[in-house]
Amino acid sequence: MLQTIVGAVEFRAGYTAQAIATLKKILSLHALAELAAPKRLDPIRVSRLTDETILALAYREQGDQEALAKQLHSLRKLAERLEFTTPQYSEGICRWALPCAIHLTKRELARLEALTSQNNSATNMNGTGP
């Protein structure tokens, strides 16, 4: 979905708050898109994985730890669910789009979770955490 690219560009350009608003708006459209275009499920799923991953990066950039934790949980559930989903209507090189997106999402998820864990440990060691 083109809107995901817009959100990604906003994030990369440093417009984090605007990117978050754009990406959150798009999330609600993914469910509708799956119903409206059942023969384009894989591209829609790739778009959703991209959207949710960039949203997690934006929350981290913004320093919103609560939103980041929720987004990481949501992203992990989505990646795990899609990992066991049969690709739909994909042929040729396109059949690799969803597995590749899942792999990249899980890699970014692991990196973000490690960074979050390190930050929480440092905060707790400094005595400023809970």
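The values are calculated or read from the model by the stated rules, or taken from the named source; none is laboratory data. This structure is a prediction, so every number in the text was calculated from the model and none was measured. Glycine also receives a Cβ, built like all others from the backbone with ideal geometry; neighbour counts cover every protein chain displayed.
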Of the candidates ILE54, ILE20, ILE44, ILE26, the one satisfying the condition of being in a helix (DSSP H, G or I), surrounded by 14 or more Cβ atoms within 10 Å (Cβ to Cβ) and touching a His at 6+ places or on another chain (Cβ under 7 Å) is ILE44
Among (1) modelled with pLDDT of 95 or more; (2) surrounded by fewer than 12 Cβ atoms within 10 Å (Cβ to Cβ), LEU35 falls short only on (1)
Of those in the range 81-99 that are in a helix (DSSP H, G or I) and loosely packed, with under 12 Cβ neighbours inside 10 Å, the residue farthest from the chain's Cα centre (by Cα) is GLY92
| task | Answer with yes or no whether ARG12 is closer than 21 Å to GLU80 by Cβ and of a type in the set (Lys, Arg). | result | no
So, first residue of a type in the set (Ser, Thr, Tyr) in the range 28-57, second residue outside any helix (DSSP H, G or I), Cβ within less than 6 Å, six or more apart or across chains; the pairs are SER47/MET1
Pairs returned, first residue in the range 96-122 that is hydroxyl-bearing (Ser, Thr, Tyr), second residue that is surrounded by fewer than 15 Cβ atoms within 10 Å (Cβ to Cβ), beta-carbon separation under 8 angstrom, 6 or more apart or interchain, are THR116/GLN65
Does the range 1-11 contain at least one residue that is among the aliphatic types (A, V, I, L, M), surrounded by 16 or more Cβ atoms within 10 Å (Cβ to Cβ) and not in a helix (DSSP H, G or I)? yes
Requested in this report: Would you confirm whether any residue within the range 53-74 is under 13 Å from the mean Cα position of the chain (by Cα), charged (D, E, K, R) and under 13 Å from LEU109 (Cα atoms)?
Outcome: yes
Checked the range 105-120 for anything surrounded by 15 or more Cβ atoms within 10 Å (Cβ to Cβ) and under 12 Å from the mean Cα position of the chain (by Cα); matches are THR105, LYS106, GLU108, LEU109, LEU112
